[in-house]
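Structure first, then comments.
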Protein chains: 2
Amino acid sequence: MDIVRRVHSMRELSRQARVKGQRIGFVPTMGALHDGHAALIRRMSEHADVVVVSVFVNPTQFGPREDLEAYPRDLIGDTDRCIREGADYLFVPGVDDIYPEGPRVWVDVPDLGDRLEGAQRPGHFRGVATVVLKLFHIVQPHATAFGQKDAQQVAVVRRLIEDLMLDIELHVVPTARDPRGLALSSRNRYLSPEQYEAALAIPRALTAARQVVEQGQQKTDDVRAAVRDVLDAEPGLAVDYVELVHPQTLVPVGLIGEHALLLVAVRCGETRLIDNALLVRP
Amino acid sequence: MDIVRRVHSMRELSRQARVKGQRIGFVPTMGALHDGHAALIRRMSEHADVVVVSVFVNPTQFGPREDLEAYPRDLIGDTDRCIREGADYLFVPGVDDIYPEGPRVWVDVPDLGDRLEGAQRPGHFRGVATVVLKLFHIVQPHATAFGQKDAQQVAVVRRLIEDLMLDIELHVVPTARDPRGLALSSRNRYLSPEQYEAALAIPRALTAARQVVEQGQQKTDDVRAAVRDVLDAEPGLAVDYVELVHPQTLVPVGLIGEHALLLVAVRCGETRLIDNALLVRP
C-alpha cells in the first residue's frame, strides 16, 4: 500500500487507474480508524479494483468551540489498519493541500444540512459537503462508502451526488457496534469507564423504540417518549435531540408510515454521541 | 452532429469518448449563439477531439425581475451554428433534467460572486457556479472555454475549477466585437437602432481608458473619470458601474500597477450591457 500526500500525485494515480479501466472505490475518513471504517474499506474492496482511503481532519466542519485540535490522530494505526484491510492507497493531504487559499468556494445543502446535527453544529454540513466534493474531484471514484452511523451525513452526501449529478455509486454500510451494542465512533475513546456504561443507554433506547413499533405503535410522539424514558433514566447522559424523520429528507414525521428514521444525539460528559435506527412498520 | 437531450445519454457519450482516450472540450452557453460563441467552439476544436456545446437557459442565475422568459431562444439557429463550427454534440437539457427536484444544493463563491454584477444581480453567480458544476459533472470535459466578455463569470469559473480541484483546463477567449466595436452579446438583439448607436459609447470609453493609461496615468480614479466622461456624454446610457479591479480577485485597486481590469456596466433602455478591458501599464 502506498501513502500519498500530494493532491497532484493522487490525481495522477486515479487517472492511471481509470486509463487501465480499473474501478476506483473511495472511503473518505477523518482517521482514527476503527472496525466501522474497516467495514467501509472491505465493502469498497468487493466493488472496486483500486481502493483509496483518505484521512483528513477537515477544519471547515468543526465549529469554533468544537474538538478540532483534540480530535484523535493516529496515522501509524491508520496505516496498519488500511494495509490489513487491503486498501491500495492511503491519501493523507494536509490542510494547505486541500485549502491552499483557505475556503473560497462552498457547497451548501440548505434545509437538509440545517436540521438536527446542522442546527447543533452550524456550518458543519457545509464543511462536509465542500470537502467531500473536493476529495471526489481529486480521487475520481466510481464508488464511495459511508457509514449509516452518521445518518444525516449519508443523506447530505446522497443529495450531493444526486443533485450535482456526480457519476458515483454510494454504498451505505450498516453501523458497526461493539459487543455491548455501542456504535463505534472515533470519539468513543474519550469516554471514561463510567461514561461508557452510561452511553450503553443509547443502544438500549434504540431497542426500546424497535420494540414499541413492533408492538404496533405508529405515533412517533409515543415512540419518542419510550426512547426518552430510557435515556432520561441514565443520569450520565444529557439528551440533545430524539427525532423521528423521513430517511431521505430528514423532515420530522408524525406517524411511522412504512418506516421512519430514529435519530438520537446525547452528550456524555464532554463527548457528543449520535446513533440511529431505521424503524420499519411490522 | 448529434443533438442530445437527456443527462444520462450525454454522460454515456462522454464516458465512451473517455474510454477511447479522446479529449472532451466543452462550451456551456445559454444559446442564441453568435460569433463570440463560435470562437469558443473553434478554440475547443483546436484543443479537443470531441466538442460538446450545451444550450441551457439556467433559471437559477436570473433574478425575479430579470429577463428569463424573454431571454432569446433560437434552437434552429444554434443547431446550424454548431454544425458550421464543427461541434460534435449539442446538449440541450430541459429545466427538469438539470433540476429534477428543484435546486437543493448550491455552489457559493462568496466575496468574488457578491461584487459588481453579483451586487447588481444577487444570487446570479451562485446560479452560474451551480449549473456550471452540474454541467461539468455530466459532460466530464478535459477543457472548457469561456468568453472574456463576461469577466466576472470567468473569475468565478476559474475559482470554481481551482478551489474545487476540478481537473479541467480553462480557456479564456478574447471578446468578439462587431465591426463598430460593440462586444457581441445575445442581448444586443434587444437594441433599437438608436440604442445601438448609444451603446457604441461603451467601446469608445474603453479606448479612452487605454489611451490615458498609455499616456502614463496610474490613478484609477482618473482613469475612471475618463471613462465616465465618455459614457455620461451619451444621454441614451445610464451607468451602473465603472470599476478598476484586480483581474482575478476583482478587488478594487487604487493604482493600475502592472495591470488592472476595467469593468463597465450600463443600461441602455431596458437592456443591460457589460464590457471590460485589461489595462496594462505601458
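Every number in this text was worked out from the coordinates using simple rules, so none of it is lab data. Everything numeric here is computed off the predicted structure, so don't read it as measured data. As a convention, Cβ positions derive from the backbone with ideal geometry for all residues, glycine included, and neighbour counts pool all protein chains shown.
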message: Run the label-point distances for residue A:16 please: 7 Å along Cα to Cβ, every other copy, nanometres, shortest first.
response: 3.1
message: Let me see the P(r) profile for the protein assembly as shown: every Cα-Cα distance counted, bins of 20 Å, each bin given as a percent of all pairs.
response: 19, 45, 28, 8, 0
Packing-based exposure ordering (other Cβ within 10 Å, fewest first) of A:24, A:256: A:256, A:24
statement: At the level of C-alpha centres, the distance separating the stretch B:214-282 and the stretch A:215-238, in angstrom, is 65 Å
message: Within the stretch A:75-97, name every residue whose backbone N is under 20 Å away from a label modeled 7 Å from Cα of residue B:162 along the Cβ vector.
response: A:94-97
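Can you list the DSSP H helices in chain B whose Cα atoms extend at least 20 Å along the helix axis and whose mean Kyte-Doolittle hydropathy is 0.0 or higher?
On the way: long enough: B:124-139 (22 Å, 1.27).
Within chain B the helices that satisfy the rule are B:124-139.
Relative to the present Cα-Cα distance, how much length would full extension add between residue A:65 and residue A:1 at 0.36 nm per residue of separation? List each step's numbers first, then the result.
Details: separation 64, 0.36 × 64 = 23.04 nm, distance 3.63 nm.
Additional length available on full extension: 19.4 nm.
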Two-site FRET efficiency, residue A:211 against residue A:169, from Cβ-Cβ distance with R₀ of 45 Å, rounded to 0.05: 0.85
message: How charged is the neighbourhood of residue B:20? Take every other residue with its Cβ under 15 Å from the Cβ of residue B:20, and add Lys/Arg as +1 and Asp/Glu as -1.
response: +2
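Given charges of +1 on the Cβ of Lys and Arg and -1 on the Cβ of Asp and Glu, with all other atoms neutral, how large is the dipole of the protein assembly as shown about its Cα centre, in debye to the nearest 20? Spell out each step's value before the answer.
Details: 66 positive and 78 negative charges, 166 e Å.
It works out to roughly 800 debye.
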field: Within chain A, longest stretch free of exposed trypsin sites (Lys or Arg not before Pro) [DSSP loop, at most 15 other beta carbons within 10 Å]
entry: A:74-179
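Evaluate the relative contact order of chain B (contact order divided by residue number), counting alpha-carbon pairs under 8 angstrom at least 6 apart; express in whole percent.
Across chain B, relative contact order equals 17 percent.
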Cα centroid of the stretch B:145-201 to Cα centroid of the stretch B:78-133, whole Å: 14 Å
message: Run the simple label-point estimate for residue A:119 and residue A:96 please: 7 Å along Cα→C-beta, distance reported in nm.
response: 4.1 nm
- prompt: In units of 2.2 N^0.38 Å, what is the alpha-carbon radius of gyration of the stretch A:115-239?
  reply: 1.27
query: Mean residue ellipticity at 222 nm from the helices of chain B, using -39,500 (n - 2.57) per DSSP H segment of n ≥ 4 over the full residue count, to the nearest 500 deg cm²/dmol?
result: -11500 deg cm²/dmol
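With both bridge residues required to lie in the stretch A:2-173, what share of the DSSP beta bridges run antiparallel, to the nearest 5%?
On the way: 0 of 20 bridges.
Approximately 0 percent, going by the DSSP bridge assignments.
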- request: Kindly give the distances from residue B:63 to its copy-mates, label point to label point, with each label point 7 Å from Cα along Cα→Cβ, as nm values to one decimal ordered shortest first.
  value: 3.5
Computed P(r) (all Cα pairs; the stretch B:186-275; 5 Å bins; percent): 3, 15, 26, 22, 15, 11, 6, 2
message: Residues of the stretch B:238-282 with the amide nitrogen closer than 13 Å to a label point 7 Å from the Cα of residue B:218, along Cα-to-Cβ, please.
response: B:254-259, B:281-282
- line: Ordered by number, the GluC sites (Glu not before Pro) in the stretch B:188-264 that occupy a DSSP loop and have at most 14 other Cβ atoms within 10 Å are B:258
- line: Projected onto the charge dipole of the protein assembly as shown (unit charges on the beta-carbon of Lys, Arg, Asp and Glu, signs +1, +1, -1, -1), the Cα from A:39, A:265, A:132 with the largest positive-side position is that of A:39
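With Cβ to Cβ distances under 13 Å as the rule, what net charge do the other residues near residue B:266 carry (K, R +1; D, E -1)? Show your work: numbers first, answer last.
Values: positive: B:187, B:204, B:228, B:267, B:272; negative: B:117, B:232, B:234, B:240, B:243, B:270, B:275.
Within the 13 Å Cβ shell, the charges total -2.
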message: With equal scatterers on the alpha carbons only and no solvent term, can you work out the Debye log10 of I(q)/I(0) for chain A at 0.10 1/Å?
response: -0.54
message: At 7 angstrom along the Cα-to-beta-carbon line, where would the label on residue B:270 sit relative to the other copies? Give the distances in nm, shortest first.
response: 6.4
field: For the protein assembly as shown, share of DSSP beta bridges that run antiparallel, in % to the nearest 5
entry: 50 percent
- prompt: Taking the Cα centre of chain B as the origin, how large is its charge dipole in debye, to the nearest 20, when only Lys and Arg (+1) and Asp and Glu (-1) carry charge on their Cβ atoms?
  reply: 440 debye
